[in-house]
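Right, one structure below, let's go through it.
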Amino acid sequence: MDRVQVGETRHATPMGVPQGGPLSPVLANVVLDELDWELERRGHRFARYADDCIIVVKSQRAGERVMASVTRLVSDSLRLTVNPLKSAVDRPWNRKFLGFTVSRNGMKLKVADKAIDKLKDRVRELTRRTRGHRLRDVVAEMRDALLGWKAYFGIAEVLSPLRDIDKWIRRKLRCYHWKQWGRAGYRELRRRGVSVREAWNTSKSAHGPWRLSKTPALALALPVRYFSNLGLPSLAPR
């Protein structure tokens, strides 16, 4: 018997299946197979994964009509409930499906903003200063997360957000390394080829580490090649 935690108390769940378990999508496919057949019979263009479904129509009016009829079908025939908070009739670029959306211009496949924000949260977690790990170890951990993310979202056609994430990740790593250098920042910059003036101005700056992580001195001392040699993968193809 599975259990869920509500506050400080764990409660037994004698009904249903564990969320995220392999049995959930299997049972969803068994139950919703009838929905697939009915949508195909009506000639709709749609995609479904487990209980997440998107139906493409030509107009707002058609969308509202299909939404109402599918809701009735799911309720009356399958005895399930369509979540009104997660369901809507809208433009494709305003909706997301399995972490993807489409661009407004050109209708190309694009990673949804929420998926990008989730990845950034993971990077922030790995680059917390209080972890005290070596940069090489942080990159090794990050490599696993990024390669998994890339394997899933690598089919995206809009690449500019991926390039922006690559730049942001390198900036987070420069910020992390700069914090680790501490008072040795000037010496480390000079050792990596930064001029006396740039190294002095950067190390004595009143700006915080995040602001300094975007300076030419840090970009020269810790270039793209440096992180590539540590094993940091790129999300956007080069």
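The values are calculated or read from the model by the stated rules, or taken from the named source; none is laboratory data. What you are looking at is a predicted structure, and each value in this text was computed from that prediction instead of being measured. Cβ sites come from the backbone with ideal geometry, for glycine too, and all protein chains shown count toward neighbours. Protein only, heavy atoms only, side chains kept; ligands, DNA and RNA dropped before computing areas. Shrake-Rupley method; radii C 1.70, N 1.55, O 1.52, S 1.80 Å.
Restricting the first member to the stretch 35-59 and to residues that are closer than 21 Å to Leu80 by Cα, and the second to residues that are small (Gly, Ala, Ser) and surrounded by 14 or more Cβ atoms within 10 Å (Cβ to Cβ), the beta-carbon pairs closer than 6 Å and six or more apart or on different chains are Ala50/Ala28; Asp51/Ala28. Search the stretch 161-212 for residues being among the aromatic types (Phe, Trp, Tyr) and under 30 Å from Val111 (Cβ atoms), and hand back the single one that is surrounded by the most Cβ atoms within 10 Å (Cβ to Cβ). The extreme case among them is Trp178.
Total residues in the stretch 146-160 satisfying the condition of being part of a helix (DSSP H, G or I) and surrounded by 15 or more Cβ atoms within 10 Å (Cβ to Cβ): the figure is 4. Scanning the stretch 131-169 for residues that are among the small types (Gly, Ala, Ser) and touching a Lys or Arg at 6+ places or on another chain (Cβ under 7 Å), we see that the one that is nearest to Lys214 (Cα to Cα) is Ala145. Scanning the stretch 13-33 for residues that are out of contact with any strand residue (DSSP E or B) (no Cβ under 9 Å at 6 or more places or on another chain) and either surrounded by 14 or more Cβ atoms within 10 Å (Cβ to Cβ) or not in a loop (DSSP other than H, G, I, E, B) (or both), we see that the one that is modelled with the lowest pLDDT is Ser24. Among the residues of the stretch 43-79, those identified as surrounded by 12 or more Cβ atoms within 10 Å (Cβ to Cβ) and part of a loop (DSSP other than H, G, I, E, B) are His44, Ala50, Asp51, Val57, Leu78.
Whenever a residue of the stretch 219-238 is farther than 17 Å from Trp149 by Cα, it has no partner that is aromatic (Phe, Trp, Tyr) and open to solvent by less than 20 Å² (accessible area, probe 1.4 Å) lying with C-beta atoms less than 8 angstrom away and at least six residues away or across chains. Whether a residue is touching a residue at least 24 places away in the same chain (Cβ under 8 Å), touching a Pro at 6+ places or on another chain (Cβ under 8 Å) and open to solvent by 90 Å² or more (accessible area, probe 1.4 Å) was assessed, and Arg143 passes this test.
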